[in-house]
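Remarks on the structure that follows.
The values are calculated or read from the model by the stated rules, or taken from the named source; none is laboratory data. Treat the numbers as computed from the prediction; the structure is a model and nothing was measured. All Cβ positions, even for glycine, are placed from backbone atoms using ideal geometry, and neighbour counts span all protein chains on display. Just so you know, the surface numbers come from the protein's heavy atoms only, side chains and all, with ligands and any DNA or RNA stripped out. Shrake-Rupley method; radii C 1.70, N 1.55, O 1.52, S 1.80 Å.
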Amino acid sequence: MRVNFTVNGRKQEADDVWEGESLLYVLRERMGLPGSKNACEQGECGSCTVRLDGVPVCACLVAAGQVEGREVVTVEGLADFAKQREEGCATGACGGTSLQEAQQWQAKGTDSQTGEGDELAPIQQAFIDAGAVQCGFCTPGLLVAADELLERNAEPSDADIREALSGNLCRCTGYEKILDAVRLAAARQERQEEAV
Amino acid sequence: MGVTGTPTNINQGSKTKGGIGESTLRPDGTLKVTGEFAYSSDMWHEDMLWGHTLRSTTAHAEIRSIDTSEALAMPGVYAVLTYDDLPTEVKNYGLEIQDTPVLAHGKVRHHGEPVAIVAADHPETARRAAAKIKIEYVELPVITDEASATAPDALLIHEGRDDHHIGHVPHPNIVHRQPIVRGNADEAAKRADVIVSGEYVFGMQDQAFLGPESGMAVPGEDGGVDLYVATQWLHSDLKQIAPVLGLPEEKVRMTLSGVGGAFGGREDISMQIHACLLALRTGKPVKIVYNRFESFFGHVHRHPAKLWYEHGATKDGKLTHMKCRIVLDGGAYASASPAVVGNASSLSVGPYVVEDVDIEAIALYTNNPPCGAMRGFGAVQACFAYEAQMDKLAAKLDMDPVEFRRMNAMEQGTLLPTGQPCDSPAPVAELLRRIKAMPMPPEQQWLAAGEQADVRALPGGLSNTTHGEGVVRGIGYAVGIKNVGFSEGFDDYSTARVRMEVINGEPVATVHTAMAEVGQGGVTVHAQIARTELGVTQVTIHPADTQVGSAGSTSASRQTYVTGGAVKHTCENVREKVLEIGRAKFGSYHPAWATAELLLEGGKVVTDGGEVLADLVDVLEGESVDLELEWRHRPTEAFDLVTGQGNGHVQYSFAAHRAVVEVDTELGLVKVIELAVAQDVGKALNPLSVVGQIQGGTTQGLGVAVMEEIIVDPKTAKVRNPSFTDYLIPTILDTPTIPVDVLELADENAPYGLRGIGEAPTLSSTPAVLAAIRNATGLELNRTPVRPEHLTGT
Ligand code: FES
Ligand code: FES
């Protein structure tokens, strides 16, 4: 079958998709976007977390056919997505990205595969700075989930962070530095808002 | 012009930025947060095929026949291979003993053993084709424990064993046995005022690294193959792969692709040979990616163990003697079992002074899943038991458990049970003091002042099963000792190639090793070492491959020590060459070139007094220095096979934990509130990474204390829970805050004084949590993981 959907602001078309193929497989093997990871393909680890029309989902549990006509944001598009949101804030439309905003969002012209002109979302930078990346296999999923949390809740408590990230397994870090990273991104976000 | 005639004092702030001791950030961090970092499962090639493995559905059986015709006839299928298709006489591989078949022949010896492999144009086609292969099995009785393995008439798991351990094991179903006898434990027991004994059971833990076993083999035009794979030791894989393929090692070119964690689970071969066989057969690139289910069968696990311990102490709290017997279940193939036995026995006393000991450790061959390396390697199981014993003794003597441990703590100079003196700092008492002195977390945090309980903070969490009525708190302590590096006479070396040149007007160093970066941060510290030794800011880390000499394994907490040591050593030699060039070019400008101790710092050649003699750019202009050198730590020796005596280890690391838990005694649920750690790291080359490693290791120890276990059916030896739904690893909700107190007491034999870090925190974490649960509930609890039924008695 053929599936048409938008990934990171670009219209995409996947041909010859098997009925059983997951969104994760289509992203990784057909779109050349391997950023979303395949650690369990069972909805248990969160490594494949992407946003589908703004909502975080496990891409491994979404059948490719279900995304027809919808919007997907992966870790590869996170920086642009965050920037877009921030610009939305700057014009006074703060309070998260509306579905409409998400749909209107366009990727900049660079190739998301090469990471040309990499500009990082605040949460991405915070993960690096806080030492929250070790092997990094859990990182893309955690970033997508954490970014969505901060969009919803600019000042999350530790309990909020733990709750929001409880579907994402990490085997390397012991999570402490992941908590640090989310706190850091939240603090930076707050400082930035104060400055505006 | 960079050469100065006038001395400039550069002592202040002259040290090269980003050197050792700084928390520099990972060089691969940006790639990892943008999704661009290429893990082994992300490989892609035009026209590639997908490989899939057919695995045995039974644990012990003779194979009557295999019929692949239907699978082969499926459209999209390019190859179906079995044992009969292997190209040479070499059909087995293995780390220490070559007892593991590439594909089963004659028999299968464990559930999930590879029997056939398929290559097809879609992963689903490959899976469906594999399901069409018909195998006729004749079931054999399964051997699952010591009694069934060592019965006089027991079936032999491996008939006709001819490895070098067979001569001294009491039964061919025992892989290896290491006794250690020192002093006279029976005599010493007579001095004891109290004696405690216990039987302990340690469950089978899985490394559960997140990045699945995967990689891609690309056939070369010369008949060789290029393999991109996630592994812990490229050269060890190469040694095992090439003979099976019938290729010389130069024709198997291996490159490390991104590794999503390892923890010992990638020391053994998984899909490497299968992918190469399929690629060579089809002439096309072949990618294999295990799913999580297959991953549980695709790598060895931590040895489950039974441990019997007896300790005695005088009434003033001095240990008199220790006797123990440790039985490790190695499963169907040897993997690293012999070395695990060596560790379990030689570290079975723990970090305590006990002169009279009687120790025996064995590893069994059974039809259970093969077990091998995992973080803590044999020392973990022993630590679980001896720490429980310490608490029992302290209780019997009515002493504080930490005080009791401190009274018996080993120190620098203490002899290990192997007779080897510990010749570097052993701050066991100090670590215990620190851990005890750390502030305690507040009581009943779930009860916000005067308000309702926040159920999220209770054992059981969001399931809203209680409001805290049956919740009690407990505190537990533990400490452990782990050897660093490969022991028992292993030639544990590493190789580094370092090149220095000017690129775009800047001095640049390139470091090339075969070290597997598995997430531990080796790539970060290699750059730091090169900056420190060579005084350049720009360091490029070359991808790890087999074009450079072996780096040894990324395991046993050894890589920063050994490959870090190799990078340091090579840099020192490169520095000498750079200085020679400098002397030849500029020696006549300043007498210090000939007389002073010269350093490279901040892109300049300086004297130890801080005078700048030249810019590196000027020295290296038109020249480059390129060296590849090996480096090894001090030699060790094998343990005597009868007495266990010998200088078997090169270095030790020590960590202590304090666990605070809350237990819901009605529901049998445990919440670990805090797990504080104190660890001696010798020298923290990168403090940020050090803390990250300690927290990660601690969490894996927590996992095995309260949730992690591969459950093997004792009747059929089949694995019951090969999924993340049923094999539980700690989530962020299960993991408490982990405050870390880092001590830096240099080991003068190690590069920069450093000590291996990664494993020690996994040791004491588990017994500390167990001790805290015992403290909270008053229950004996002699097995791990603790399950609700153990706490509620149901
Ligand atoms: S890969 Fe999708 S949740 Fe694990
Ligand atoms: S960093 Fe390795 S799984 Fe999280």
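Along the axis of the charge dipole computed for the stretch B:190-334 (Cβ charges of +1 for Lys and Arg, -1 for Asp and Glu, origin at the Cα centre), the listed residues B:Leu277, B:Leu319, B:Leu256 are led at the positive end by B:Leu319. A simple count of charges around B:Asn184, restricted to other residues whose Cβ falls under 13 Å of its Cβ and scoring Lys, Arg +1 and Asp, Glu -1, yields -1. Looking at the protein assembly as shown, the accessible area is 35 square angstrom per residue; that uses a 1.4 Å probe and ignores ligands, DNA and RNA.
At a Förster distance of 30 Å, what's the computed FRET efficiency of B:His542 paired with A:Leu61, Cβ-Cβ distance as r, to 0.05? E(calc), rounded to 0.05, equals 0.15.
Working from Cα pairs under 8 Å separated by at least six residues, relative contact order for chain B is 17 percent.
Alpha carbon centre of the stretch B:133-151 versus the stretch A:21-93: separation in Å? Cα centres, the stretch B:133-151 to the stretch A:21-93: 46 Å.
Can you tell me the FRET efficiency between B:Glu199 and B:Met74 if r is taken as the Cβ-Cβ distance and R0 is 41 Å, rounded to the nearest 0.05?
Details: r = 53 Å, r/R0 = 1.29.
Here the calculated transfer efficiency is 0.20.
About its Cα centre, the dipole of chain B is roughly 760 debye, where the only charges are +1 on Lys and Arg Cβ and -1 on Asp and Glu Cβ. Under 5 Å between amide hydrogens, built in the peptide plane, is the criterion, and for B:Tyr93 it picks out B:Asp99, B:Thr100, B:Val102 among residues at least 5 positions away or on other chains. Scanning residues 5 or more positions from B:Gly644 or on other chains, those with amide H under 5 Å from its amide H are B:Val181, with H placed 1.01 Å from N in the peptide plane. In order along the stretch B:212-218, phi translates into HN-Hα couplings of x, 4, 5, x, 9, 10, 10 Hz, rounded to whole numbers, per the Karplus curve 6.51 cos²θ - 1.76 cosθ + 1.60 with θ = phi - 60° and x for Gly and Pro. Measuring against 20 Å, Cα to Cα, the residue pairs B:Lys436/B:Lys683; B:Lys306/B:Lys715; B:Lys323/B:Lys715; B:Lys32/B:Lys251; B:Lys17/B:Lys568; B:Lys107/B:Lys306 contain B:Lys436/B:Lys683; B:Lys323/B:Lys715; B:Lys32/B:Lys251; B:Lys107/B:Lys306 as the ones spanning a longer distance. Here is the list for the stretch B:144-237: GluC sites (Glu not before Pro) lying in DSSP coil, each with at most 11 other C-beta atoms within 10 angstrom of its C-beta, are B:Glu159, B:Glu221.
Where the accessible area of the protein assembly as shown is counted over protein heavy atoms with a 1.4 Å probe, how much of it, in %, is carbon and sulfur? It would help to have the intermediate numbers written out before the result.
Values: 17280 of 35130 Å².
Its accessible area is 49 percent carbon and sulfur atoms.
Inter-chain neighbour count for B:688-697: the average number of beta-carbon atoms from partner chains within 10 Å of each residue's beta-carbon is 5. Database remark: amide H of B:Lys604 closer than 5 angstrom to the amide H of B:Leu616 (H placed geometrically; neighbours at sequence offset of 5 or more, or on other chains; Pro and chain starts carry no H).
Rounded to the nearest whole Hz, the Karplus-based 3J(HN,Hα) values (6.51 cos²θ - 1.76 cosθ + 1.60, θ = phi - 60°) of the stretch A:182-188 follow the sequence 5, 4, 4, 5, 5, 5, 5, with x at glycine and proline. For the stretch B:499-588, the Cβ-based charge dipole about the Cα centre amounts to some 180 debye (Lys, Arg positive; Asp, Glu negative; other atoms uncharged).
Phi angles of the stretch B:495-509 translate, via the Karplus equation with coefficients 6.51, -1.76, 1.60 and θ = phi - 60°, into HN-Hα couplings of 10, 9, 10, 10, 10, 10, 7, 9, 10, 6, x, 10, x, 10, 10 Hz per residue; Gly and Pro are given as x. Buried area at the B:A interface is about 4600 square angstrom, summed over both chains, from accessible surfaces computed with a 1.4 angstrom probe.
B:Lys318: which aspartates and glutamates have alpha carbons under 12 Å from its alpha carbon, excluding same-chain residues fewer than 8 sequence positions away? The reachable aspartates and glutamates, counting only those whose Cα sits under 12 Å from B:Lys318, are B:Asp193, B:Glu355, B:Glu403. When only the Cβ of Lys, Arg, Asp and Glu is charged (+1, +1, -1, -1), the dipole of the stretch A:116-163 relative to its Cα centre reaches about 200 debye. Considering only B:Val169, B:Thr144, B:His110, and ranking their Cα positions along the charge dipole of the stretch B:88-241 that arises from unit charges at the beta-carbon of Lys, Arg, Asp and Glu, the one farthest toward the positive end is B:Thr144.
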